[in-house]
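The values are calculated or read from the model by the stated rules, or taken from the named source; none is laboratory data. Quantities reported herein were computed from a predicted structural model and do not represent experimental measurements. Backbone-built Cβ (ideal geometry, glycine too); neighbour counts: all protein chains shown.
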Amino acid sequence: MSELKKLMKFRENITHFTKQEPNKDTIHQILKDAHDLIPVKNNMWNYYIDVWGPEHHEEKKLVALQTVTGQNKRDFAPGGKHDGDIKLLEEIYDDWKKKRELFRQGVNLGGNFKSYGFNDQVTAPYLLVYYQKPGYPTEKQKQLGYKEKLISYSDVTENQWQISSSMHGYGTTLLCAEQGLYASFCKCYYFNYKNFNNILTPLKAGFSNVAFLLGIGYRDIELPYFKNTIKPDLNEIVTWK
């Protein structure tokens, strides 16, 4: 198996990270390599990446609350019977975390607690937020002769920023895998102004203004997570002409 295939196989979308913090210089180098090596259409960066490090634990917990999932998750959705009840949501989350910890003692209580679960990968030591911005050439690009132009939020090519950010995100996961780090995507959270905080502030420009969140750290191998392995056959997707 090639080294590239090994990295692609290593990469998985997990839920639980350990508290061990990757070296900040390692994360910086991964982001630099991704920036230098991953293509962007016309070299026009029309997305930003916010990096939230280990010191932002409390902010990440608020994001985790926003990712509530499970059978009764819509109780906390806009218009749900518990819409905006952050105190109750936090109590459920804290209990869910305690029950998950029992797995370490061999107690299997299933994946959800009281029909709720959470995408806890957003509490990884490093959390990247990929979100849209109008695309101007940077000062460096203009000094090098790049012509002034703008890709606005309403531009007909607005989905190009999602393509570019997604390419960057996946490339980053492989660079993380090269360092023994896991990088886990999350796009499951509610559009609810009552729960917004600093990390999810870009959502105020619209739900589509955030492409995804990417948690980076070391995998907690003692805690299980759901992995959907049901894929279509190749010939159901690819057509040779």
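The number of residues in segment 212-227 being surrounded by 19 or more Cβ atoms within 10 Å (Cβ to Cβ) and among the hydrophobic types (A, V, I, L, M, F, W, C) comes to 3. For segment 13-28, a residue qualifies if it is charged (D, E, K, R) and without any contact (Cβ under 8 Å) to a residue 40 or more places away in the chain, and the qualifying residues are Lys24, Asp25. Hey, can you tell me all the residues within segment 38-56 that are part of a helix (DSSP H, G or I) and over 25 Å from Lys147 (Cβ atoms)? Of everything in segment 38-56, those that are part of a helix (DSSP H, G or I) and over 25 Å from Lys147 (Cβ atoms) turn out to be Pro54, Glu55, His56. Looking across segment 1-23, the residues that are part of a helix (DSSP H, G or I) and under 18 Å from the mean Cα position of the chain (by Cα) come down to Met8, Phe10.
There is at least one residue in segment 194-211 that is surrounded by 15 or more Cβ atoms within 10 Å (Cβ to Cβ) and either over 25 Å from Gly80 (Cβ atoms) or at pLDDT 95 or above (or both). Picking from residues in segment 20-56 that are surrounded by fewer than 19 Cβ atoms within 10 Å (Cβ to Cβ) and either among the aromatic types (Phe, Trp, Tyr) or at pLDDT below 95 (or both), the one that is farthest from Thr173 (Cα to Cα) is Asn42.
Of these, Glu101, Glu91, Glu59, which one is modelled with pLDDT of 90 or more, loosely packed, with under 14 Cβ neighbours inside 10 Å and either part of a helix (DSSP H, G or I) or not charged (D, E, K, R) (or both)? Explain how you work it out, then say what you get.
Values: Glu101 fails: modelled with pLDDT of 90 or more; Glu59 fails: loosely packed, with under 14 Cβ neighbours inside 10 Å.
Selected residue: Glu91, the only one of Glu101, Glu91, Glu59 that is modelled with pLDDT of 90 or more, loosely packed, with under 14 Cβ neighbours inside 10 Å and either part of a helix (DSSP H, G or I) or not charged (D, E, K, R) (or both).
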